[in-house]
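Trainee: Just passing along the structure, written as structure tokens.
The values are calculated or read from the model by the stated rules, or taken from the named source; none is laboratory data. Here the structure is a predicted model, which is why all the values come from computation and not from measurement. With ideal geometry, Cβ positions are generated from the backbone for all residues, glycine too; neighbour counts draw on all protein chains shown.
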Amino acid sequence: ALPTLIALVLAGLWGAGLGFAHWRGTMSFLDRFEATMTDLRTLFRGPATPPELITIVAIDDETVRHEGSYPLSRATLARIVDTIGRLGPKATALDLLLVDPGAKDSDEALARSLGGSRSVIAAAAVYPGGRQWTLGEGPLARVPDAERFLWPLKAFSDAAAVGVVNVVTDKTGTPRFVPLLFRAGDLLEASFCLRVATVATGED
């Protein structure tokens, strides 16, 4: 019985050590294996039913073929936002980086559409050297510390709320989790999903 107990304890410690290192994203060979297994589990599971609370309006290959170009024009995005807005959603979240100017009339149309409903658009955090964490002290020690934020054009950010869309990945690029807050120096910003939740509930 004693050798069996010792073997079980050692196996448990070994498994816990591997699990802890994998959870921290520091074991790249396990990450690659886990990514493959995740793909297989997803295929075996089949399509998942999304919650009724959320509707995803995807810009898929068929949409791109219909429009003839990607990214879609701002005028097309404006029509999509207007169509969704007529359905009365609690919030419309546009997960696109609108950082470059387009045609003036199309940009103006999109800004009007965003301003006509409770909308959220995306910003991005830019990290020096791609590193996503800085360890420090205090209550914000584990909040991702970016070099700067990449903001949407002012015409759009004036018309809609803005949230940061970055996710934290491991060394293999596998997304690990979505922080609720990001910072750049003294500036603290909400994540995209948190901003959508605050807009939908009407509370900051």
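Trainee: Being farther than 20 Å from Leu98 by Cβ, outside any loop (DSSP other than H, G, I, E, B) and either aliphatic (A, V, I, L, M) or modelled with pLDDT of 90 or more (or both) is the filter here, so list the residues in region 164-192 that pass it.
Mentor: Of everything in region 164-192, those that are farther than 20 Å from Leu98 by Cβ, outside any loop (DSSP other than H, G, I, E, B) and either aliphatic (A, V, I, L, M) or modelled with pLDDT of 90 or more (or both) turn out to be Val168, Leu181, Leu188.
Trainee: If a residue has to be surrounded by 10 or more Cβ atoms within 10 Å (Cβ to Cβ), at pLDDT below 85 and not aliphatic (A, V, I, L, M) to count, how many in region 1-35 make the cut?
Mentor: Matching residues across region 1-35 total 13.
Trainee: State all residues of region 38-60 that are among the hydrophobic types (A, V, I, L, M, F, W, C) and under 20 Å from Thr83 (Cβ atoms); if no residue qualifies, say none.
Mentor: Of everything in region 38-60, those that are among the hydrophobic types (A, V, I, L, M, F, W, C) and under 20 Å from Thr83 (Cβ atoms) turn out to be Leu53, Ile54, Ile56, Val57, Ala58, Ile59.
Trainee: Something else now. If you check Leu87, Leu114, Leu97, which single one turns out to be in a loop (DSSP other than H, G, I, E, B) and in contact (Cβ under 8 Å) with a residue 40 or more places away in the chain? Before you say what the answer is, go through the steps one by one.
Mentor: Working: Leu87 fails: in contact (Cβ under 8 Å) with a residue 40 or more places away in the chain; Leu114 fails: in a loop (DSSP other than H, G, I, E, B).
Exactly one of Leu87, Leu114, Leu97 is in a loop (DSSP other than H, G, I, E, B) and in contact (Cβ under 8 Å) with a residue 40 or more places away in the chain, namely Leu97.
Trainee: Could you say which residue among Ala21, Ala58 is small (Gly, Ala, Ser), part of a helix (DSSP H, G or I) and on the phi < 0 side of the Ramachandran plot? Full working, then the answer.
Mentor: Working: Ala58 fails: part of a helix (DSSP H, G or I).
Among Ala21, Ala58, only Ala21 is small (Gly, Ala, Ser), part of a helix (DSSP H, G or I) and on the phi < 0 side of the Ramachandran plot.
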